[in-house]
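Written out below as structure tokens is the structure these notes cover.
What follows draws every value from the coordinates through simple rules; no lab data is involved. The structure presented is a predicted model; accordingly, all values stated were derived computationally and were not measured. Counting neighbours? That spans all protein chains shown, and the Cβs are built from the backbone with ideal geometry, glycine included.
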Amino acid sequence: MGFWAKAFVLCVVAVVASLVVRVMQKDKLPIIIDGTVQPGFEEVLEAFRANFESGDVEPREGGSAFAAYYKGKQVVNIWGGYADYESSQPWRHDTMAIVFSVTKGMAALCMAMLVDKGYLDYDQKVVHYWPEFGQNGKENITVRQLLHHEAGLALIDTPITIDLMMNYDELGKALAKSPPIWEPGTTHGYHAFTFGLYASQLLTRADPKKRTLGVYFRDEVAKPFGIEFYIGLPKELNYRVARFFTDGGDLNGVKSFLRSQMDPINRQITWGMVTGQNKVKDVFGNAADASDFYKFNDPRNREFECPSVTGIGTAEALAKVYGIIANGGKTTDGKQFLSEKLIKMIEEGGTPLLEDYAIGIPSRYSYGFRPLHISCTQDREMLGHPGLGGSNAYADSKYRLGVGFVTRYASPYGLGNDPRFTSVRDALYRAIQKDEG
């Protein structure tokens, strides 16, 4: 055997050996759980740990974080698993994750802040602020209808691509000319991708400084209140973002899907997709480029703003925002970003519970928020918004509680029903009830 042949064989052996070592190391990577809980909340940590130890709901290579603010104070801030399992990168206290539709809650907050300041009126027509919007049957749509997902704009007549979303002016033109797919105001349907795009264009025109929604959030929420959340991530922070992944077409993927079909909500959505009774395929098809969520592992695609799905932050940040909302819109030292009167109106208002035109299950919306039904301890709704893959965040005004959950593993649950979240949330309420006596 000649010199080059021997060299080639040695290289192949070295590569194979390194791969084997890496696989063996991966199999031996420990379960990592870290963070803090205040006395009385230890059960929350144990429930979070159990998700990882069981391996049923949180895969070994996954990573998540959960946080809660109670009566204005942080009582839980825990994290576990890996931000990137392939490189053995553990989840840390400052690891951030893309939270998909949880972003809509932050967008709704920005719109509410404009209303509070008198720059926007829920009952005013959108064309009052954005004249170009009044094309093709949209001239009478109100701000309230747009934020209530009643505008019939769950789909637009232009494919929603990443390139289009990076061109704010062209995006605005495409949104303005698109006709409704149902008569506005007659029903509601989840504007999964378009909600935040329309909200941002409207905000830009109503805001005296003409900011985009992501910039408005940064200036009015993130910086003044110390909220580690971004709608449009600065390039220099990409190293802190967990690498997104979901199940593929292997056995694990099949098992995960079948387990998810035990949930009646998931079953109904799946059946509607198979039979054509909902518009889920159409909604995702309209945004086929943007709904390839693996593209958001590319740092270049995290920089643009889509206030429907591209928010990136920590569980602690989400819990802090909703904790302030649950505390009457102000911090414990009296700093306020939303009036208690407006919060109460949003909590008590919104659409009726009807079958959603887009996703085919009963739903309701309130000024951009999606009220979450919680029945673990009491039959009530919470103000917040869930996200694809299991991320979730909400405010519970009864207990002055704000909750945030983020993950890098996108499970088949996206409507607040992820068992990783619900098990830890239930433990949190048990701890609160003990504290309340």
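Computed values, structure above
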{"quantity": "For segment 92-108, 3J(HN,Hα) per residue [Karplus equation, 6.51 cos²θ - 1.76 cosθ + 1.60, θ = phi - 60°, Hz, x = Gly/Pro]", "calculated": "10, 4, 10, 5, 10, 9, 6, 10, 6, 6, 4, 4, 4, x, 5, 5, 4"}
{"quantity": "Lysine pairs with alpha-carbon atoms under 30 Å apart, segment 30-155, spacing 8 or more or separate chains", "calculated": "10"}
{"quantity": "Residue of Ser363, Ser87, Ser391 that the Gaussian network model of the chain assigns the largest fluctuation, springs spanning Cα pairs under 10 Å", "calculated": "Ser87"}
{"quantity": "Cα gyration tensor, segment 348-437 - rounded (a/c under 1.5), prolate or oblate", "calculated": "oblate"}
{"quantity": "Pairwise centroid distance, computed over Cα atoms, of segment 288-314 with segment 151-211, Å", "calculated": "17"}
{"quantity": "Structure-based [θ]222 nm, the chain - -39500 (n - 2.57) summed over DSSP H runs of at least 4, per residue, nearest 500", "calculated": "-11000 deg cm²/dmol"}
{"quantity": "11 Å beta-carbon shell around Leu372, net charge (K/R +1, D/E -1)", "calculated": "+2"}
{"quantity": "Cα pair count fraction exceeding 12 Å, expressed as % - segment 174-226", "calculated": "72"}
{"quantity": "Relative contact order %, segment 328-437, counting alpha carbon pairs below 8 Å whose residues are six or more apart", "calculated": "15"}
{"quantity": "Local electrostatic count at Met106 - Lys and Arg +1, Asp and Glu -1, tallied over other residues with Cβ under 15 Å", "calculated": "+1"}
{"quantity": "At 0.692 mPa s and 37 °C, Stokes D of segment 128-216 from Kirkwood alpha-carbon radius, µm² per second", "calculated": "251"}
{"quantity": "Rounded to whole Hz, the Karplus (6.51, -1.76, 1.60) HN-Hα couplings of segment 343-353, x for glycine and proline", "calculated": "4, 5, 5, 5, 5, 8, x, x, 7, x, 7"}
{"quantity": "Cβ-defined net charge surrounding Glu42, 15 Å radius [Lys, Arg +1; Asp, Glu -1]", "calculated": "-2"}
{"quantity": "Using θ = phi - 60° and Karplus 6.51 cos²θ - 1.76 cosθ + 1.60, couplings along segment 324-336 (whole Hz; Gly, Pro as x)", "calculated": "5, 4, 5, 9, x, x, 9, 7, 5, 9, x, 6, 10"}
{"quantity": "Filtered trypsin sites (Lys or Arg not before Pro), segment 314-364: DSSP coil and at most 16 other beta carbons within 10 Å", "calculated": "Lys335"}
{"quantity": "[x] 56, 53, 39; [y] 99, 58, 38; [z] 80, 59, 44, with the label sought being that of the calculated Cα extents along the principal axes in Å", "calculated": "[z]"}
{"quantity": "Residue exposure sequence - Thr407, Thr158 - by fewest surrounding Cβ within 10 Å", "calculated": "Thr158, Thr407"}
